[in-house]
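Undergrad: Before anything else, here's the structure in question.
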């Protein structure tokens, strides 16, 4: 994949993620013309949830709140997700997008991200290697992408 100026900077920002998020370790990744793929491994992702289950938080969405109360609602619910805190996938992706956007703005390059991102928890070794191979082979399949143009 031959990277544009934005692609080079996005790649550099991605490689530097562990410098800003020390609990995150990077595996395979690729910057494509209209998207990126990457495997991020989170060290010690579990939190104490007072049960025998290990739960990994992605921080991608807020937990649902109990809506049954005796008190009247005083203000409408906030329409957007709130900051999930440090060391979440959401905070890492937000910081990554912000760094790339800031650089594009400084260089007066028109650029914009989609508002969300897709995350997926890899649950076993077979799935890990399937996804890893998909990422490695993604550039070879670019001409078959519905957004491909020369």
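The values are calculated or read from the model by the stated rules, or taken from the named source; none is laboratory data. The model shown is predicted, which means the values in this text are computed figures rather than measured ones. Ideal geometry is used to build each Cβ from the backbone, glycine not excepted, and the neighbour counts take in all protein chains shown.
Table: residues versus (1) exposed (fewer than 15 other Cβ atoms within 10 Å of the Cβ); (2) at pLDDT 90 or above; (3) within 14 Å of the chain's Cα centre (by Cα); (4) outside any loop (DSSP other than H, G, I, E, B).
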site	(1), (2), (3), (4)
13	no, yes, yes, yes
40	no, yes, yes, yes
44	yes, no, no, no
61	yes, no, yes, no
64	yes, no, no, no
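Undergrad: Among the residues of the stretch 3-18, what is the count of those that are in contact with a helix residue (DSSP H, G or I) (Cβ under 8 Å, 6 or more places away or on another chain) and over 14 Å from residue 102 (Cα atoms)?
TA: Taking the stretch 3-18 as the starting set, the residues that turn out to be in contact with a helix residue (DSSP H, G or I) (Cβ under 8 Å, 6 or more places away or on another chain) are 3, 6, 9-10, 13-14, 17.
With over 14 Å from residue 102 (Cα atoms) added as a condition, the list becomes 3, 14, 17.
Within the stretch 3-18, residues that are in contact with a helix residue (DSSP H, G or I) (Cβ under 8 Å, 6 or more places away or on another chain) and over 14 Å from residue 102 (Cα atoms) number 3.
Undergrad: Let me ask you something else. All but one of (1) at pLDDT below 90; (2) under 30 Å from residue 8 (Cβ atoms) hold for residue 71; which doesn't?
TA: So the condition that residue 71 fails would be (2).
Undergrad: Oh, and also: Could you check the stretch 119-133 and list, in sequence order, the residues that are out of contact with any helix residue (DSSP H, G or I) (no Cβ under 9 Å at 6 or more places or on another chain) and within 27 Å of residue 94 (Cβ to Cβ)?
TA: Pass one, the stretch 119-133, residues out of contact with any helix residue (DSSP H, G or I) (no Cβ under 9 Å at 6 or more places or on another chain): 121, 123-133.
Correct list: 121, 123, 127, 128, 131, 132.
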